[in-house]
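All remarks here apply to the structure that follows.
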Amino acid sequence: MDILTNIESIRADFPILTQTVHNRPLVYLDNAATTQKPWSVIKKIEEGYTQQNANVHRGVHFLSQMATEAHEAARATVQQFLGAAHAHEIIFTRGTTESINLVAHSFGETFLQTGDEIIVSEMEHHSNIVPWQLLQQRKGIVIKVIPFNEQGELDLEALASLFTDRTKLLAVTHVSNVLGTVNPVKDIIAMAHVRQVPVLIDGAQSVPHIAVNVQDLDADFYVFSGHKIYGPTGIGVLYGKEKWLNAMVPYQGGGEMIAQVSFEKTTFNELPYKFEAGTPDFIGSTALAEAIRYVQNIGMDQIAAYETYLLNYATDKLQQLGDVRFFGTSLHKSAVISMQVGNIHHYDMGTLLDKLGIALRTGHHCAQPIMKHYGIEGTLRASFALYNTTAEIDALVAGIARVKQLF
Ligand code: PLP
């Protein structure tokens with residue numbers, strides 16, 4: 001679907017967008033933090049609770065079977081969306097953060113010994129740093145860091161020099177939530193695989209914006225959050241290759257993840273249930289599948305093209321304003337703009353823009369190593385989604401110009 005010619009009907013799918021904030025039309029440009037939800041997703045949640053709410057996998061009764069079928073159909077939708085080989089390679093989690101913690105725990109406990117090394121990058125979100133540091137405290141592993149250059153691009157020569165025969169995993173983001181850089185993850189994965197090192201890709205900022213195929217990338221693990229792709233909060237995905245997931249110890253213990261329990265010996269369930277202890281968010285999973293259908297109906301390539309158009313439009317307009325410093329100027333960029341305007345503190349800018357109804361994010365964006373790289377405390381970040389318009393970008397630019405005048 002061509003987004004530009006259908007933008008009004010697309011916007012009408014998102015009820016929150018008609019809101020006013022401080023008596024101004026809402027201009028929502030905080031999509032990297034979370035996205036708004038279309039009616040189809042909201043209605044799916046309502047339908048879940050009003051028509052098929054029953055616990056999954058346990059009941060012989062009608063509602064339970066319906067809920068189970070919907071939950072498993074959602075898993076198949078995610079499998080097809082990511083291009084995974086098997087539905088049982090899709091594990092439902094609470095989100096990207098939980099997915100990475102799961103791998104850090106289960107892969108770490110299974111395969112890592114004191115002195116083993118993992119590689120992450122300098123542009124990771126804290127959720128792809130701290131779980132590894134917790135593992136470091138438990139196991140005495142070594143964490144190595146791929147640096148990035150002034151444009152915000154990973155230094156692949158430096159990466160090549162980080163591998164040793166103790167390297168056990170590489171964990172890197174597909175798209176930076178601050179710099180917008182789209183990392184060449186296919187090449188990075190190939191570099192790691194030559195050295196028999198598996199790779200985890202943080203897809204929190206890629207899956208909503210570009211087409212992803214985990215088999216084509218040959219990713220060993222790929223993770224994302226539902227709420228960043230127009231789905232509900234509290235649901236996310238861990239894709240893992242069967243061979244790794246089968247070999248890894250469980251993450252949490254409880255119902256659903258077991259085959260047989262006795263006080264003498266407990267055996268674990270098969271995939272994917274081994275990693276889904278307790279009642280899963282079966283309403284969230286079906287609503288996430290609805291969100292996926294929503295973006296698929298529009299088309300991931302159309303979304304990527306439209307958001308690139310918004311990125312270029314916004315970058316040009318902001319450049320014309322003058323006195324704007326951009327953080328992240330890679331040629332391969334997703335629709336995220338991190339900036340500093342003159343000497344105006346990002347909190348002041350964010351607060352005054354909010355008074356004009358414009359929602360942006362300010363601060364370190366859970367990526368303090370990026371701030372350290374540039375020697376700054378934080379940035380002002382605008383991040384775009386498929387429902388944003390050039391008129392909203394004009395409102396942003398006019399708002400920034402107005403705040404500049406005030407200072
Ligand atoms: N990774 C990246 C690149 C992100 O942008 C985010 C959220 O902003 C996360 C991980 C964490 O996602 P969540 O809070 O949904 O677990």
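Worth pointing out:
- Sole residue being in a helix (DSSP H, G or I) and within 21 Å of Thr68 (Cα to Cα), chosen from Leu271, Leu288, Leu245: Leu288
- The condition (being within 13 Å of Gly226 (Cα to Cα) and hydrophobic (A, V, I, L, M, F, W, C)) is satisfied by just one residue among Ala74, Ala84: Ala74.
- Looking only at residues in the range 143-158 that are without any contact (Cβ under 8 Å) to a residue 40 or more places away in the chain and surrounded by 17 or more Cβ atoms within 10 Å (Cβ to Cβ), the one that is nearest to Asn177 (Cα to Cα) is Leu154.
- Residues in the range 241-264 that are crowded, with 17+ Cβ neighbours inside 10 Å, in contact (Cβ under 8 Å) with a residue 40 or more places away in the chain and in contact with a helix residue (DSSP H, G or I) (Cβ under 6 Å, 6 or more places away or on another chain): 4 in all.
- Within the range 53-94, considering residues that are buried (at least 22 other Cβ atoms within 10 Å of the Cβ) and within 16 Å of the ligand (Cβ to nearest atom), the one farthest from Gly278 (Cα to Cα): Val78
- Filtering the range 368-407 to residues that are part of a helix (DSSP H, G or I), under 27 Å from the mean Cα position of the chain (by Cα), more than 30 Å from Ser121 (Cα to Cα) and among the polar types (S, T, N, Q) leaves only Thr390.
- Residue check, Val207 crowded, with 24+ Cβ neighbours inside 10 Å, within 11 Å of the ligand (Cβ to nearest atom), over 29 Å from Lys274 (Cα atoms) and under 12 Å from the mean Cα position of the chain (by Cα): no
- For first residues located in the range 180-193 and under 12 Å from Leu217 (Cα atoms), partners that are part of a helix (DSSP H, G or I) and modelled with pLDDT under 95 and lie 6+ apart or on another chain with Cβ distances below 7 Å do not occur.
- Residue match in the range 102-110 (condition: farther than 30 Å from Asp281 by Cα, away from the ligand (no atom under 16 Å from the Cβ) and either buried (at least 23 other Cβ atoms within 10 Å of the Cβ) or at pLDDT below 95 (or both)): no
- Unmet criterion (only one of (1) within 16 Å of the ligand (Cβ to nearest atom); (2) part of a loop (DSSP other than H, G, I, E, B); (3) closer than 29 Å to Ala314 by Cα) for Gly234: (3)
- Being buried (at least 16 other Cβ atoms within 10 Å of the Cβ) and of a type in the set (Val, Ile, Thr) is a property that Thr18 lacks.
- Failed criterion for Arg58 (all others in (1) part of a loop (DSSP other than H, G, I, E, B); (2) touching a residue at least 60 places away in the same chain (Cβ under 8 Å); (3) not polar (S, T, N, Q) hold): (2)
- Verdict on Glu98 being within 13 Å of the ligand (Cβ to nearest atom), among the acidic types (Asp, Glu) and in a helix (DSSP H, G or I): yes
The values are calculated or read from the model by the stated rules, or taken from the named source; none is laboratory data. Remember, predicted model here, so these are calculated numbers, not experimental data. Virtual Cβ from ideal backbone geometry, glycine too; neighbours counted across all protein chains shown.
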